[in-house]
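Report on the following structure.
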Amino acid sequence: MVWAPRVTVAAIVERNQEYLCVRETILGRQVINQPAGHLEQDETLIQAVQRETLEETGWTVEPQSVIGIYLWSPPDQNLTFLRVTFHCTGVEHNPNAPIDPDIDDAVWLTEQQIKSQKSSLRSPLVLQCINDYKQGMRYPLTILRPCSRSR
């Protein structure tokens, strides 16, 4: 068996000092996360974060910068996640957009509301990414360099 990290993306979208979050039920437990998900074959990281945010919240977003790249292994699983987190601007919300069936709902929460539910966070990356965002960590999108396939 070959070890390989799972590549994920996440969006930090702030509006009026609130962050766009999702509530989802994982293994029978409701957790809070940023809009996030897995990179799919033949899409860029930017396309992935736009798709995941739209699928989970109904929000069309425009990525502005990369906040960070994180390597995380859940303590109770034999998995490793490589997460690229983006600072995104909300462009448009479609309240009638079909939402991913794995998502219970999309909500706007203050940092304090998120911190008060720390035991319900999907991973420690939820707060880590908000902290990095608030500290001004921003990397230009041009650091993501797609390579064309050679044949």
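The values are calculated or read from the model by the stated rules, or taken from the named source; none is laboratory data. Every value quoted in this text rests on a predicted model; they were computed, and no experiment measured them. Note: ideal-geometry Cβ built from the backbone for every residue, glycine included; neighbour counts use all protein chains shown. Ligands, DNA and RNA are stripped out before the accessible areas are found, and what is left, the full protein with its side chains, is counted by its heavy atoms. Shrake-Rupley method; radii C 1.70, N 1.55, O 1.52, S 1.80 Å.
Only one entry of 114, 143 meets the criterion of being out of contact with any Leu (no Cβ under 6 Å at 6 or more places or on another chain) and farther than 18 Å from residue 25 by Cα, and that entry is 143. If the condition is being open to solvent by less than 50 Å² (accessible area, probe 1.4 Å) and of a type outside the set (Phe, Trp, Tyr), then segment 19-31 contributes 20, 21, 22, 24, 31.
Among the conditions (1) assigned to a strand (DSSP E or B); (2) out of contact with any Cys (no Cβ under 7 Å at 6 or more places or on another chain); (3) surrounded by fewer than 18 Cβ atoms within 10 Å (Cβ to Cβ), residue 115 misses just one, which is (1).
Restricting segment 32-91 to residues that are of a type in the set (A, V, I, L, M, F, W, C) and part of a loop (DSSP other than H, G, I, E, B) leaves a set whose member that is least open to solvent (accessible area, probe 1.4 Å) is 79. One residue alone among 9, 13 is more than 17 Å from residue 123 (Cα to Cα), surrounded by 13 or more Cβ atoms within 10 Å (Cβ to Cβ) and in contact (Cβ under 8 Å) with a residue 60 or more places away in the chain, and that residue is 13.
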